[in-house]
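The values are calculated or read from the model by the stated rules, or taken from the named source; none is laboratory data. Quick caveat, the model's predicted, so the values are computed rather than measured. Counting neighbours? That spans all protein chains shown, and the Cβs are built from the backbone with ideal geometry, glycine included.
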Amino acid sequence: MDIEIENALQVLKDGGVILYPTDTVWGIGCDAVRADAVDRIYKIKKRDDSKSLICLVNDLRMLERHVEEVPDPAYDIIEYAQKPTTIIYDYPMGVAQNLIASDNSLAIRVTRDAFCNKLIRKLRRPLVSTSANLSGMQTPQSYAEIDPLILESVDYVVNLHRDKKSVSPSTIIKLKNDGTVKVIRN
């Protein structure tokens with residue numbers, strides 16, 4: 001795993017895009033502060049850039065560095081959620097502007113996956129994570145189901161967990177600073 005982390009890390013530091021296993025499905029990712037790399041992900045997915053992407057962080061400290069104010073309920077959700085849960089926060093900061101939604105929010109998940117956690121810790125920044133499919137197409141449940149166009153478009157494909165069947169995508173909850181909670185995807 002360490003070799004794969006170093007290989008992926010170098011690509012990310014160079015502004016590249018990787019394809020990698022996450023705690024949910026295979027993801028396309030880049031350094032979340034690199035607007036040029038974020039643009040490439042939109043192009044690879046053939047996705048309208050008005051549709052937001054998710055970021056992964058490795059711990060609560062990193063989350064707090066990239067959200068102006070983390071609402072108190074978020075800590076309980078992160079700690080007690082039974083499956084990977086992404087929370088949409090108001091007022092993100094320190095990420096590429098083209099990651100931030102028009103309502104000034106950003107979806108962030110604290111990952112529990114060992115590979116993602118180590119990679120993000122070494123990168124020292126959030127990692128963009130969007131499903132490895134073309135926009136409008138079904139999310140692949142395994143590496144073997146990833147469209148060849150995706151495979152050819154990224155700069156590096158992580159060589160881990162290629163035989164693993166994915167679990168479902170994460171739950172997504174919008175948690176506004178005023179206390180409003182809305183389940184986007186269960």
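Picking from residues in segment 128-159 that are in contact with a strand residue (DSSP E or B) (Cβ under 8 Å, 6 or more places away or on another chain) and part of a loop (DSSP other than H, G, I, E, B), the one that is surrounded by the most Cβ atoms within 10 Å (Cβ to Cβ) is Ala132. Residues that are assigned to a helix (DSSP H, G or I) and touching a helix residue (DSSP H, G or I) at 6+ places or on another chain (Cβ under 6 Å) within segment 107-127 comprise Lys118, Leu119, Lys122, Leu123, listed in sequence order. Remark: pairs (first residue in segment 161-176, assigned to a strand (DSSP E or B); second residue polar (S, T, N, Q); Cβ separation under 6 Å; 6+ apart in sequence or on different chains) = Thr171/Thr85; Thr171/Asn186; Ile172/Thr86. Residues that are under 19 Å from Ile150 (Cβ atoms) and in contact with a strand residue (DSSP E or B) (Cβ under 8 Å, 6 or more places away or on another chain): does segment 56-76 have at least one? Scanning segment 56-76, I find at least one residue that is under 19 Å from Ile150 (Cβ atoms) and in contact with a strand residue (DSSP E or B) (Cβ under 8 Å, 6 or more places away or on another chain), so the answer is yes. Applying the set (1) under 21 Å from Arg34 (Cβ atoms); (2) modelled with pLDDT under 95; (3) assigned to a helix (DSSP H, G or I); (4) not acidic (Asp, Glu) to Lys51 leaves exactly one unmet item: (3). Just so you know, in segment 177-186 the residues that are in a loop (DSSP other than H, G, I, E, B) and not β-branched (Val, Ile, Thr) include one that is surrounded by the fewest Cβ atoms within 10 Å (Cβ to Cβ), and it is Asp178.
When segment 56-85 is filtered for residues that are of a type in the set (A, V, I, L, M, F, W, C), part of a loop (DSSP other than H, G, I, E, B) and either in contact (Cβ under 8 Å) with a residue 60 or more places away in the chain or in contact with a Gly (Cβ under 9 Å, 6 or more places away or on another chain) (or both), only Ala81 remains. Of note, Asp36 satisfies the criterion of being free of Cβ contacts under 8 Å to residues at least 24 places away in the same chain, out of contact with any His (no Cβ under 9 Å at 6 or more places or on another chain) and over 18 Å from Ser131 (Cβ atoms).
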